[in-house]
Each structure stands twice: as structure tokens, then as C-alpha cells.
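In what follows, a single structure is set out as C-alpha cells and then discussed.
The values are calculated or read from the model by the stated rules, or taken from the named source; none is laboratory data. Remember, predicted model here, so these are calculated numbers, not experimental data. Here the Cβ positions follow ideal geometry from the backbone for every residue, glycine too, while neighbour counts run over all protein chains shown.
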Amino acid sequence: MSDAFQIRPFDHKTDYHGMAQLSDELYERHVTVESLKDSFSRRDPKCAFAAWVAEVDGEFAGMAVYEQFPGSYHPRKFVLDVDVRAPFRRRGIGGALYRQLREALAPHDPIALGAGTKENWPEAITFLENRGFKEKMRTWESHFDLTGFDPSALGGHVTAAEAAGFEFRSYADLAGDPERDQKLYEMVKVARRDIPSPEPLTDVSFEQWKKGIDRPQFFPETYIVAIKEGQMVGQSNIWKTHDAEVLETGLTAVLREHRRAGLAKALKIQSLAAAKAAGGYRKVKTRNATTNAPMLAINEWLGFVRQPAWIAYSLELHPEE
């Protein structure tokens, strides 16, 4: 195998297969070509995106991306991702891909660049820190054994919340309300503002939020909404993944005035119970900032087991204006 490599722009007609293989090998995300295309079709048009591929003897060896996200949008901040498949490492491919990103971003005059890796990937940590990136925050990944979950043992927490005046309905149950999605969007827009994030959170448009819940991975039966006096005040949901037996939690959030009343705990119990009742799933994954003590405590109480943390890094290029 030659040590020579070439870097070229990502081809949306031919490169999704290589991208899926890379995701599977590095992150154990069993994505498909079709799901990747679907994700790209749902991107917010205001958010920049560009990608390049590294090839060795015509084989997909690595990939580099810069992008922006609508939930933490700033026109001069970008998130970078540089991935190289194991057989092609230590040949300078990662460094060359990174230089390609920096050159391509230069006309945008970025003020900050974000990146991330896992705490048990020392080579990736060294790669980022050698280029000036500084750790900004950590997020625990945790796994939950759904096969051993007994919702009935925790039913008292749901009963207590109901006695306090909260009603719980699934997204599917609320189908008869023509304003369901707009109400949910408005509640989530407010409730998510306190979520720990490496960058300030920004509001997502209703249209972009709707694209998210229209994805094939949406699991309406597990999307549980808390209602009090006719108003939506909290939610918890779980999403399907490309692994038929594995699920991922979405957003658990409660409006400030209804916190510290056991509501988040009751919501998570019911969302997990709905996933259990659906059958066929064995594991639920979640991520929480290491600073989010209340949610970490709930997850530990439920039985989520911590895995190696994800580390968010930032490279500050210019003072914010």
C-alpha cells in the first residue's frame, strides 16, 4: 500500500458509502447511505458546511468537515471534524486534512473553532492540543440496560407528579390537537435555554425544529409531554438509531417554574417505559454535561452507567466582537 494520498472535495454522489463506513469504524454508529442523505437534506440552509476526503490508492482513508449548527449558531464560529481510518494513520493525513479546513475557512475570518473527541482517545487529544485547542467542557456518555428495567417499581414517582396536578401524554396521544407541534416548539425553545453547552445556545426556527421530528428515527410513543392547567411544561423523548436494538435519549427539559418537583424524573420513567413496552430494544444511550448535576443524578438513580466522556475543545482565534 502506498503512503501517497490525495485530498479532494467530498462528492455527494459517490462518497456517502465511505462516510458511513468511517462512522461505523470510528464511532460504532451504524448509519446507512440513505440516512446520511436524509440528514443532509434536513440541514438548515443558513449553516455552513463543507467536506473533503483523503484517498490512498483510490480507497476512502479519511474525511474532514467544517459545519455550523442552528442550535448554537454564530456566523463566524465553526465546528471541525477530522477523522482518519485506523489503517491509514501516522502518514500525515490528519494534519493535511486539518490544513485544508483552515485554508478553506480563512475567507470566513472565523473567531473560534470547535472540535471534540473522547477522553480515551489519547492520539486525538494530542492532535487537537498540539494545534492550540483548549478543553471547554466534558459530557458523560451513559448506557442504560432496558432489558432489566421494571417501570412498575418506579410508578410511585409518576403517581406523585399526577397528584401534584401534572398530566402526561405522548406525542402520539396529542395528535388531535392541531396546534400540538407549535406548542411543543414554543415550550422547548424556552426550556432548552438552560442546557449546558460549549457555545451559547440559539433559537432554532420552527421549520428547522419540525424537520428534526420528521426524521425516520423519531419515536412518537416515547415522546412524553407534561401538561399542567392546559399548558405544556416539560418533555422527555427517546430516538431510534440505526442499530435496531439501541436507542438514544433526546431532550429532557422542564420549564423553570416547574423544576425541583420530581417532574423530570417522572418524564424519564415514562419515556423509558414506553420504549420498554415497544419491545425489541436492549440499550438506551444518553449524554449529559459533567456540570449538569441534577440530570446526572436522575440518570444514575435510574441505572445509567457512565462511559468515557466526550470532550469539547475550542480554538479562540480572535476576541469576540
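The strands (runs of 3 or more DSSP E) falling completely within segment 44-138 that include 3 or more residues that are of a type outside the set (Asp, Glu) and touching a residue at least 60 places away in the same chain (Cβ under 8 Å) map to 112-118.
What are the residues in segment 150-208 that are part of a loop (DSSP other than H, G, I, E, B), touching a Phe, Trp or Tyr at 6+ places or on another chain (Cβ under 8 Å) and of a type in the set (S, T, N, Q), if any? Within segment 150-208, just THR202 meets the criteria.
Among the candidates GLU179, GLU257, GLU248, GLU186, the residue that is more than 30 Å from LYS46 (Cβ to Cβ) and in the same structural domain as MET295 (by TED's automatic domain parsing) is uniquely GLU257. Over 28 Å from ALA289 (Cβ atoms), surrounded by 13 or more Cβ atoms within 10 Å (Cβ to Cβ) and in the same structural domain as ASN288 (by TED's automatic domain parsing): is that true of GLY155 in this structure? So GLY155 passes the test.
From the set of residues in segment 47-83 that are at pLDDT below 95 and more than 28 Å from THR126 (Cα to Cα), which is surrounded by the fewest Cβ atoms within 10 Å (Cβ to Cβ)? Selected residue: GLY58. Can you go through ILE224, ILE238 and tell me which one is touching a residue at least 24 places away in the same chain (Cβ under 8 Å), within 18 Å of the chain's Cα centre (by Cα) and within 30 Å of ALA164 (Cα to Cα)? One residue alone meets the criteria, ILE238. When LYS285 is tested against (1) in a strand (DSSP E or B); (2) free of Cβ contacts under 8 Å to residues at least 60 places away in the same chain; (3) in contact with an Asp or Glu (Cβ under 9 Å, 6 or more places away or on another chain), only condition (2) is not met. Number of residues in segment 9-31 that are surrounded by 13 or more Cβ atoms within 10 Å (Cβ to Cβ) and either of a type in the set (Lys, Arg) or outside any helix (DSSP H, G or I) (or both) equals 5. Just one of the listed residues (ALA275, ALA312, ALA244) is among the small types (Gly, Ala, Ser), in a loop (DSSP other than H, G, I, E, B) and closer than 30 Å to GLU34 by Cα, and it is ALA244.
Looking at LYS37, LYS118, LYS77, just one residue is under 20 Å from LEU317 (Cβ atoms) and under 21 Å from the mean Cα position of the chain (by Cα), and that residue is LYS77.
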